[in-house]
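The values are calculated or read from the model by the stated rules, or taken from the named source; none is laboratory data. No experiment lies behind these values; they were computed from the predicted model shown. A quick note on method: Cβ atoms are made from the backbone with ideal geometry, for glycine too, and the neighbour counts reach across all protein chains shown. Areas reflect the complete protein model, heavy atoms only, side chains present, ligands, DNA and RNA absent. Shrake-Rupley method; radii C 1.70, N 1.55, O 1.52, S 1.80 Å.
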Amino acid sequence: MGANGKGYTQLKSFDVCIVGGCGHVGLPLGMAFADAGQNVVLYDINEITIAKVNNGVVPFKENGAEPVLKRVLKKNKLTASNDPDVIGSAKIVITVIGTPVDEHLNPRVHDIIKAIKQIEDQLRDDQLLVMRSTLYPGVTDKVHEYLKKQGKKTLVAFCPERIAEGHALTELYELPQIVAGCTPEATKQATALFKVLTKKVIVTKPVEAELAKLFTNTWRYINFAISNQFYMIANASGHDFYNIYDAMTQDYPRLKSFAKAGLAAGPCLFKDTMQLSAFSGNNFFLGHSAMLVNEGLPDFMIEAMKDRYKLENKTVGILGMAFKGENDDPRESLSYKLMKRLELEADTVLCHDPYIQDDRFVSLSEIHKKADIIVLAAPHRLYAEEDWKGKELVDIWNYYGKGGLI
Ligand SMILES: NC(=O)c1ccc[n+]([C@@H]2O[C@H](COP(=O)([O-])OP(=O)(O)OC[C@H]3O[C@@H](n4cnc5c(N)ncnc54)[C@H](O)[C@@H]3O)[C@@H](O)[C@H]2O)c1
């Protein structure tokens, strides 16, 4: 077999096949099942990531993942492949392909149905199909109905992934798993599957689980928007948000979940809030408001910087291009919006990220040498030791503890 998993001569039988298995959700999940003794195959269409995984390389930053990957590969418990026949050779099929929104911010439900149609011929009557991507409400039942219409008796369940990127290999074991079968037998088999990883399983109907996942992400997105809106109110009136934040939160348990201000984006929170919005007939005012606040924060920062510094003569250094600290995922990162907007206002914009390869980025020493203003966009740990003395610092996270006022 080649590194991309092509050329299976004898098809092995697997316990679990993960469709989209080399992605941020699929790979840690597959490793966790393999580490628990299951025979796992990761089916994916990305040959580069397949080759990396089969060679023991985790294609993205995930805490503690590389030793686990090497261990399960050595024990022959996990393999990645682009051969669709592996789907039919597994007892359980889990799909975790991406579910982005379209150019009108509506869910791309057809992508999921299309993906199911692509694997339909491989699905068997005695298999359990677990949908794990975040889904628009009603899609799991639609998939179940579709398969029934094709004469398939495949069991179908929705079991949403709720990990935070980077923390999968602890959270998969610690978080309770929501399990929602389209039939009692599907619920029973999906419960048995996830009990291998976690102690607690919570059973709901499929549409309840789909809403639970969207509500969870939207709740977080709105939470960030509250902090960001308060930050903008404080900053616009010349007050440092973090003095107020500290006064509010110190020894005050009711504000435990009050986030710090910061760029809130990434591949999940924004699009899931928009999915919920589409589900509510675009009458989800709170969700849309959160989107305006979070997506508007880079613009607010630039307007405040324009007032304070003469940006047109300045070189601005942006630190951290990933969508959050200690992460290498650039998907939907607001750092790029900040970069594009600043390129219109400042003389020069220099970007740095220790975890993302991009020819446009420069070294930290170049930023030290050339930048007049430093904007901390994603608070990577590496930046903690940097001394930006002599430069203007824009730190909306208050990462350096010197206040967040622009
Ligand atoms: N990233 C997260 O932390 C996270 C957390 C919870 C839920 N989710 C949800 O999980 C889903 C997947 O997200 P992700 O971040 O893992 O995406 P991803 O892009 O990292 O992974 C998707 C994988 O699917 C593969 N793929 C795409 N189409 C395919 C097809 N037709 N057949 C086989 N493989 C295919 C891609 O090559 C990729 O490896 C999304 O619905 C997302 O909202 C993500």
Each label point is 7 Å from the Cα along the Cα-to-Cβ direction; what then is the distance between the points at Lys188 and Lys149, in nm? 2.9
Can you tell me the accessible area per residue over the chain, all protein chains present, probe 1.4 angstrom, in square angstrom? 46
Roughly how many nanometres apart are two label points built 7 Å out from the Cα toward the Cβ at Arg331 and Leu364? 2.8
Could you tell me what percent of the accessible area of segment 280-353 is made up of carbon and sulfur, with a 1.4 Å probe and every protein chain present? 51
Spin-label pair Glu66/Val207, simplified geometry with 7 Å Cα→Cβ offset, distance in nm: 4.7
Could you give each residue of segment 212-221 its phi-based ³J(HN,Hα) in whole Hz, using Karplus coefficients 6.51, -1.76, 1.60 with θ = phi - 60°, and x for Gly or Pro? 4, 5, 5, 4, 4, 5, 5, 4, 5, 5
May I ask you to order 19-27, 144-152 by the average number of other C-beta atoms within 10 Å around their residues, highest value first? 19-27, 144-152
What percent does the relative contact order of the chain come to when contacts are Cα pairs within less than 8 Å and at least six residues apart? 12
Of all C-alpha pairs within segment 201-274, those more than 16 angstrom apart amount in percent to 59
State the extension gain, in nm to one decimal, for the chain segment bounded by Asn223 and Lys306, taking 0.36 nm per residue of separation less the distance between their alpha-carbons. 27.1 nm
Between Gln127 and residues 5 or more places away or on another chain, the pairs with built amide H atoms under 5 Å apart involve Leu155
Between Glu392 and Asp102, the FRET efficiency computed from the C-beta separation at R0 = 45 Å comes out, to the nearest 0.05, as 0.70
Taking every DSSP bridge whose two residues both lie in the chain, the antiparallel percent to the nearest 5 is 10
What's the ranking of 241-254, 371-384, 71-84, 113-126 by average number of surrounding C-beta atoms within 10 Å, highest first? 371-384, 71-84, 113-126, 241-254
Scalar couplings 3J(HN,Hα) for segment 255-262 by Karplus 6.51 cos²θ - 1.76 cosθ + 1.60 (θ = phi - 60°), nearest whole Hz, x for Gly and Pro, are 9, 3, 8, 6, 6, 7, 6, x
Along the Cα-to-C-beta direction of Leu175, a point sits 7 Å from the Cα; which residues of segment 13-55 have their amide N less than 17 Å from that point? 23-33
